[in-house]
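One structure is given here, and the rest of the page talks about it.
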Amino acid sequence: MDNMKLAELLFPHITKSPEEYEDIFPVRELPEGARVTRMAPSPTGFIHLGNLFSAFADERLAHQSGGVFYLRIEDTDDKRYVEGAVETIVNVLDYFQINFDEGAGITGDKGDYGPYHQSQRAELYQTFVKKMVQNGQAYPCFLTEEELSDIRAQQEAIKANPGIYGKWAVSRDLTLEQIEENLKAGKPYVMRLKSKGQDLPPEEMKTITVNDAIRGDITMPENNMDLVILKATGIPTYHFAHVIDDHFMRTTHVVRGEEWLSSLPLHVELFETMGWPHPVYCHTAHLMKIDETGNKRKLSKRKDPELSLDYYRRDGYHPMAVREYLLNILNSNFEEWRIANPDAPIDEFQFTAEKMSNSGALFDLNKLSDVCKDVLVKIPAAELCQFMIDWAKEFRPEILPLFEGNEAYIEQILDLGRTGNKPRKDLVCAVQIFDFIKYFFDDHFVIENELPENVSKEDAKAILETYLAGYDHNDDQSVWFDKIRTFGAEMGYAAKPKDFKKNPDMYKGHVGDVSTVVRLAVTGRSQSPDIWGIQQILGEERTIERVKAYAAQF
Ligand code: GLU
């Protein structure tokens with residue numbers, strides 16, 4: 001076979017030499033040890049927690065080392081293209097403060113290694129397939145869908161591995177004349193790698209060993225499949241585009257899901273065929289959860305709303321909290337670092353691929369809530385208030401007026417009990433914060449809980465009336481509480497809960513029951529931050545009004 005002639009026949013329009021591309025996309029000038037990473041999503045418009053998880057790892061690896069993190073759009077499958085997908089990706093990642101230095105962007109590509117949409121790189125890919133044909137490393141395959149399924153059926157019948165290899169790779173043997181004829185007849189064809197792997201029983205196959213930054217050495221049988229590298233449309237498969245793009249975009253580390261592990265031998269063979277070193281692979285484990293039945297399973301798009309990133313935005317999870325939580329599950333040593341460095345910004349944590357889990361990172365919404373509480377307590381009220389405004393603008397416009405223009409009031413509310421050396425940690429996310437503080441807004445204030453069981457309706461009325469009679473908005477907290485304790489005791493409620501515990505028959509209840517009645521009047525709830533503080537924020541008039549209104553219910 002005259003390979004040069006075949007290459008010309010198949011790719012007459014390709015005139016650039018492969019070497020030229022080495023000059024067009026030179027090795028990047030970066031500091032020693034700098035990492036170049038990328039996020040390479042298909043533009044399906046759906047981006048989930050798993051994507052964010054790897055993107056964060058990519059971003060950390062690049063930015064911690066003075067490297068580059070870029071966005072490449074893998075749009076070789078036009079059936080899956082969704083309008084506006086790049087915008088979604090960039091905006092979503094931006095929300096979580098994950099920023100690209102280079103690549104596809106909302107207003108176009110940025111950077112010297114583009115285009116960053118694979119659909120615009122056909123010529124580059126074809127140049128290298130042409131070179132492979134010249135070297136006898138690739139060939140056109142004219143098998144029809146029917147012939148392919150026939151081969152599959154034959155392979156199934158004899159329990160052979162499915163795929164095109166060995167004797168099944170019939171197009172390998174076509175003569176130049178036959179190929180010419182097929183082309184003239186307009187027969188569609190794909191380009192396949194002519195794999196060097198042998199058709200041998202698995203135990204006799206050679207193996208490859210790749211050092212994965214997360215998993216250590218991975219040994220697998222080498223590839224022996226003549227896999228498709230260019231589809232009939234002239235557009236590459238993921239496998240081929242990965243090799244070409246990550247070489248020419250000078251990616252040093254490829255962070256991708258473990259579903260790609262099985263293709264690793266093919267990728268290694270492709271890199272070898274091109275004569276290039278392969279990047280460092282970091283195959284991440286799936287995100288797992290413990291489900292209702294106590295079993296560990298993969299997060300699923302269908303069953304778990306928390307897999308979708310919309311979930312976090314809609315419920316208003318603060319990006320800093322989500323970042324902090326992701327680091328918790330990304331790196332096993334993060335928690336320890338956080339304990340030793342409670343106030344350090346998370347960017348000071350040295351993220352490493354080696355410390356990533358290779359068996360499945362466990363995602364747990366309860367743990368996320370705990371992390372949120374710890375993170376939110378450190379965010380100044382003014383910033384949190386702005387966060388609530390931004391969230392309401394997008395997701396709850398009807399409550400926006402409660403926040404916008406009312407910043408001083410909101411900040412007082414958010415700061416309630418957050419100062420001092422034992423600050424309250426009860427703010428989780430915007431939805432929960434609104435629910436937590438909504439009794440501060442008259443239109444959202446309702447009595448939600450029942451009277452304590454030790455307090456009768458008559459007593460409740462009497463407590464509220466006595467409270468009102470002695471109410472002085474200027475009382476400090478201890479005077480205020482003493483009054484409750486005193487009149488409570490007069491009404492038969494122990495001044496201390498422990499007195500009641502010791503002698504339950506001597507009392508109706510204790511001071512806690514009395515103050516709960518006041519709390520219910522003021523907040524509608526039997527639990528809340530400190531009532532005195534709440535009243536100071538509500539003001540005298542609204543406090544009195546609420547107590548009167550509640551007393552009138554009995
Ligand atoms: N387009 C591939 C995906 O979305 C990218 C995998 C990779 O990062 O190489 O799964």
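Values quoted throughout were computed directly from the atomic coordinates according to the rules given, and no laboratory measurement underlies them. Bear in mind that the values here come from a model prediction, so they are computed numbers and not experimental data. Glycine gets a Cβ as well: all are built from the backbone with ideal geometry, and neighbour counts include every protein chain shown.
Points worth noting:
- The chain, Cα convex hull volume normalised per residue, Å³: 213 Å³
- Sorted by Cβ neighbour density within 10 Å, fewest at the top, the residues W337, W532: W337, W532
- Relative to the longest principal axis of the Cα atoms of the chain, helix 85-95 runs at roughly 40 degrees.
- Along the chain, longest interval not containing exposed GluC sites (Glu not before Pro), exposed being DSSP loop plus at most 14 other Cβ atoms within 10 Å: 84-291
- Amide H to amide H, with H built 1.01 Å from N, G509 comes under 5 Å of A494, counting only residues 5 or more places away or on other chains.
- Close Lys pairs in segment 1-152, defined as Cα atoms under 20 Å apart and 8 or more places apart or on different chains, number 5.
- Amide hydrogen proximity for E102: with H placed 1.01 Å from N in the peptide plane, the residues at 5 or more positions away or on another chain lying under 5 Å are F69, L71.
- Residue-by-residue Karplus 3J(HN,Hα) for segment 440-455, coefficients 6.51, -1.76, 1.60, Hz, glycine and proline x: 6, 10, 4, 6, 10, 7, 9, 7, 9, 10, 7, 4, x, 5, 7, 10
- Given R0 = 41 Å, the distance between the Cβ atoms of T233 and T293 translates into a calculated FRET efficiency of 0.35.
- Cross-link reach list, aspartates and glutamates versus K422, counting only Cα pairs under 18 Å and skipping chain neighbours closer than eight places: D343, D370, D374, D530
- Dividing the mean sequence gap of close Cα pairs (under 8 Å, 6+ apart) by how many residues the chain holds gives a relative contact order of 11 percent.
- Lysines with Cα under 20 Å of K496, excluding same-chain neighbours fewer than 8 positions away: K483, K508
- Note on L362 and E22: the model spin-label points, each 7 Å out from Cα along the C-beta direction, lie 5.0 nm apart.
- Going by neighbour counts of Cβ atoms within 10 Å, the residues R519, R38 line up, fewest first, as R519, R38.
- Estimated purely from DSSP H runs of n ≥ 4, each contributing -39500 (n - 2.57), the mean residue ellipticity at 222 nm for the chain is -12500 deg cm²/dmol once divided by its residues.
- Sequence-distant residues sharing a close amide H with I229 (under 5 Å, placed H): M191, R192, L193
- Among the trypsin sites (Lys or Arg not before Pro) in segment 76-163, those placed in a DSSP loop whose Cβ has at most 10 other Cβ atoms within 10 Å are K159.
- If only the Cβ of Lys and Arg carry +1 and only the Cβ of Asp and Glu carry -1, the dipole of the chain around its Cα centre is close to 1020 debye.
- Length gained when the stretch D426-Q412 is fully extended (0.36 nm per residue, less Cα-Cα span): 3.5 nm
- Per-residue 3J(HN,Hα) values for segment 541-550, derived from phi via the Karplus relation 6.51 cos²θ - 1.76 cosθ + 1.60 with θ = phi - 60°, read 4, 5, 4, 4, 4, 5, 5, 4, 4, 6 Hz in sequence order (x marks Gly and Pro).
- For K367, the lysines whose Cα comes closer than 18 Å to its Cα, not counting residues fewer than 8 places off in the same chain, are K289, K296, K298, K378, K425.
- For segment 324-331, backbone phi angles converted through the Karplus equation (6.51, -1.76, 1.60; θ = phi - 60°) give residue-by-residue couplings of 4, 5, 4, 5, 4, 8, 6, 10 Hz, Gly and Pro being listed as x.
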